[in-house]
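Here is the structure we will look at, set down as structure tokens.
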Amino acid sequence: MQSTLLRTVRLGVQSLLLHKLRSSLTTLGVLFGVSSVIAMLAIGEGASIEAQNQIRQLGSQNVILRAVKPPEQGVSNQRQRVLAYGLLDDDLARIEETFPGIERVVPLREISEDVRFGSRSMRPRIISTLPAYIEATGRVVDRGRFLDEFDEASHANVCVLGYEVARFLFPLSSPLGERIKLGADYFICVGTLLPRVLLQSDRPAPGKDITGEVFIPLNTGAKWFGKMQVKMRAGSMDMEAVELHEIIVAVKEAENVPLVASACREMLAREHSQRDYEVVVPLELLLRAEETKRIFNIVLGSIAGISLLVGGIGIMNVMLATVTERTREIGIRRALGAKQSHIITQFLVETVVLSAGGGVLGVALGIAIPSAVERFADMRTVVTPGAPLLAFGISAGIGVIFGLYPAWRAATMDPVEALRHE
Amino acid sequence: MSTASPVQAAAELDSVSRVYPMGGTDVRALDDFTFSFGQGEFWAIMGSSGSGKSTLLNILGCIDRVTSGTFSLAGEDVSLLDDNALSDLRSRKLGFIFQSYNLIPQLNVLENILVPLFYQDNPPEDGEQRARALAERVGLSDRLDHRPQELSGGQQQRVAIARSLVNDPTLILADEATGNLDSSTAAEILDLFDELHAEGKSILLVTHEPEIGARAERVLRLKDGRIDEVYGNQRGAF
């Protein structure tokens, strides 16, 4: 019986080779269907992994409180005003004192000043923070060290450069021990950090300024730069007083993250009269990203599925034409003893060969497309091993489903009529 | 399972009718037809077109069914068999030879000869040797790899004859087997039939040409779905 099947497959291939152009065009339909399934799933998967990495970088056990500039309220046409908003030192103290189950709390302040070394200058984010920052965010020291407790206690004029800043200011030499000018004051560089996990989205677009970070001790920042940010604009001067720009609350146990997050929300809602803060919970974002990914996959999957369907209909169309064209052959075979099941098998094998052939080529193309997208469109793609299997399985299944009707039509022909067919 | 006669009939029809409904009126292609073709006999079935000879051939070939009456092949009543069983019967007991050869274009000569065995439930082990021997016999052993369209009409009909013999059939049915051939090629084919007959094969040859009918052992002439005339030719084996 096995050899019979083998012979039937060989026969099917022979019949298909009789019409090479038609067979290959039919195969194309499935080929594109399968490859688009794989490519779309790979692009979707890549985008979702990208999003998940971004979120993980924020720290999945962290709750991040951020200062948000509240919307302009009322008419304020004073030429000079101080806008006070954001997180307060009191907020920090309250979290530290009252919340249980917290690993550490790290406050951040951002200072907007130019950073200069020699003739090079840039405007990165200057972040004054505590030594615990590096543990809370999982950043890694490249050279030298991060800020330490002694720097903090002694209000030392030291700084740690982010990767991009170090590369920009010191393209050829080591920044360690160099005196770097932040605003009007000199800071000694004690270390540099590795870049964050390199994300495609972090790569600066060509022609755009590199954003980098410079870290200085919290106390030092308060000493030199105060809490007032002055922004000069044409005709007016904006002053912003922000005590803290960000508080990172690192929670000990992951399952307590939602609890701490809601406690933070509650506390801030009670203490702040205006909504000048936001609470970012990476864990919640992660869950939401997974949900988004699911929807994304369904949408992409159904689009690709439709293209497979179209390919299947193409196959059916061609097979119906083939059956009509080969009516005589069917009659001969029936007269020579072929059972209806033989005829069904014969035509089904032909459609499955067509669609599976298209499936194999489609898998190859479907794997090639994402890598091309990755190279030329600068998008991350991930071909999960399930996707080619799924697509190939569907294509073979389509061969069976769309081949059944033409094969049935062939098998149920009246042999006498079929033999008489010209 | 022969009962009455010591020589079992190759095919036996007992008050067989075949009725085609055609636009309200019924066309009786075979009308209460009773006849018996003996084992090893060479019959020519003749008659004008519409006389029912094609219908008779289709019923004998088990590709058409009787409307009423019984038809048995080598003692086996086939009028009640289902499509599967009929197909099986065709692959084991019948050999078809057609006017237009009806070889399968995508198969080569050897594969074409093997087709009936391909559809048997238990194909013989020596099928391929048998096919080669038959190709040798019809003089085509050097053309085994050729496709039908690379052969002449006479050669194609020889392949068809080899194909009809490969399953060692009870009955060989030839439908105007020489109709598309020139007279000398037709003569060769008819010689081949004579040989087969001499070997004891049962052959039914449908034709409308009297000179071909004259080559057969016996002649059955049909008219309007009934027997018109039955006679023996002098140059038969008896």
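What the table below lists for this structure:
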quantity: Residue list for region A:137-161, restricted to those being modelled with pLDDT of 90 or more, within 30 Å of A:I55 (Cβ to Cβ) and assigned to a loop (DSSP other than H, G, I, E, B); calculated: A:R145, A:F146, A:L147, A:D148
quantity: Meets criteria (within 14 Å of chain A (Cβ to nearest Cβ), assigned to a loop (DSSP other than H, G, I, E, B) and under 21 Å from the mean Cα position of the chain (by Cα)) for B:Q156; calculated: no
quantity: B:N180 being buried (at least 22 other Cβ atoms within 10 Å of the Cβ), touching a helix residue (DSSP H, G or I) at 6+ places or on another chain (Cβ under 8 Å) and modelled with pLDDT under 95; calculated: no
quantity: Subset of region B:113-146 (residues that are at the interface with chain A (Cβ under 10 Å from one of its Cβ atoms) and either surrounded by 14 or more Cβ atoms within 10 Å (Cβ to Cβ) or touching a His at 6+ places or on another chain (Cβ under 7 Å) (or both)); calculated: B:L114, B:V115, B:P116, B:L117, B:F118, B:Y119, B:Q120, B:P123
quantity: Qualifying positions in region B:79-112 - surrounded by fewer than 21 Cβ atoms within 10 Å (Cβ to Cβ), within 27 Å of B:R28 (Cα to Cα), of a type in the set (D, E, K, R) and within 8 Å of another protein chain (Cβ to nearest Cβ); calculated: B:D83
quantity: Test: residue in region B:63-78 that is within 12 Å of chain A (Cβ to nearest Cβ), free of Cβ contacts under 8 Å to residues at least 60 places away in the same chain, part of a helix (DSSP H, G or I) and on the phi < 0 side of the Ramachandran plot; calculated: no
quantity: Segments classed as helices (runs of 4 or more DSSP H), wholly inside region A:1-119, with at least 2 members that are under 28 Å from the mean Cα position of the chain (by Cα) and modelled with pLDDT of 85 or more; calculated: A:20-57
quantity: Residue pairs meeting the criteria (Cβ under 9 Å; at least 6 apart or on separate chains; first without any contact (Cβ under 8 Å) to a residue 12 or more places away in the chain and closer than 9 Å to A:P217 by Cβ, in region A:138-164; second hydroxyl-bearing (S, T, Y) and not in a loop (DSSP other than H, G, I, E, B)); calculated: A:S154/A:T220
quantity: Evaluation of A:E329 against (1) under 19 Å from A:G397 (Cα atoms); (2) buried (at least 21 other Cβ atoms within 10 Å of the Cβ); (3) within 14 Å of chain B (Cβ to nearest Cβ) (one fails), failing number; calculated: (1)
quantity: Hits in region B:35-44 (condition: in contact (Cβ under 8 Å) with a residue 60 or more places away in the chain and out of contact with any helix residue (DSSP H, G or I) (no Cβ under 7 Å at 6 or more places or on another chain)); calculated: B:F35, B:F37, B:G38, B:Q39, B:G40, B:E41, B:W43
quantity: Residue satisfying all of: in region B:79-105; free of Cβ contacts under 8 Å to residues at least 40 places away in the same chain and in a loop (DSSP other than H, G, I, E, B); nearest to B:S15 (Cα to Cα) among these; calculated: B:S79
quantity: Yes/no for A:I369 being more than 30 Å from B:I63 (Cα to Cα) and assigned to a helix (DSSP H, G or I); calculated: yes
quantity: Matching option when the condition is surrounded by fewer than 16 Cβ atoms within 10 Å (Cβ to Cβ) and either touching a His at 6+ places or on another chain (Cβ under 6 Å) or of a type in the set (V, I, T) (or both), among A:T8, A:T26, A:T4; calculated: A:T4
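Yes/no matrix, rows are residues, columns are (1) out of contact with any helix residue (DSSP H, G or I) (no Cβ under 8 Å at 6 or more places or on another chain); (2) farther than 29 Å from A:H421 by Cα; (3) without any contact (Cβ under 8 Å) to a residue 60 or more places away in the chain:
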| site | (1), (2), (3) |
| --- | --- |
| A:I330 | no, no, no |
| A:R333 | no, no, yes |
| A:Q340 | no, no, no |
| A:I343 | no, no, no |
| A:L348 | no, no, yes |
| A:G358 | no, yes, no |
| A:I369 | no, yes, no |
| A:A372 | yes, yes, yes |
| A:T381 | no, yes, no |
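The values are calculated or read from the model by the stated rules, or taken from the named source; none is laboratory data. Quick caveat, the model's predicted, so the values are computed rather than measured. Every residue, glycine as well, gets a Cβ built from its backbone with ideal geometry; the counts of neighbours run over all protein chains shown.
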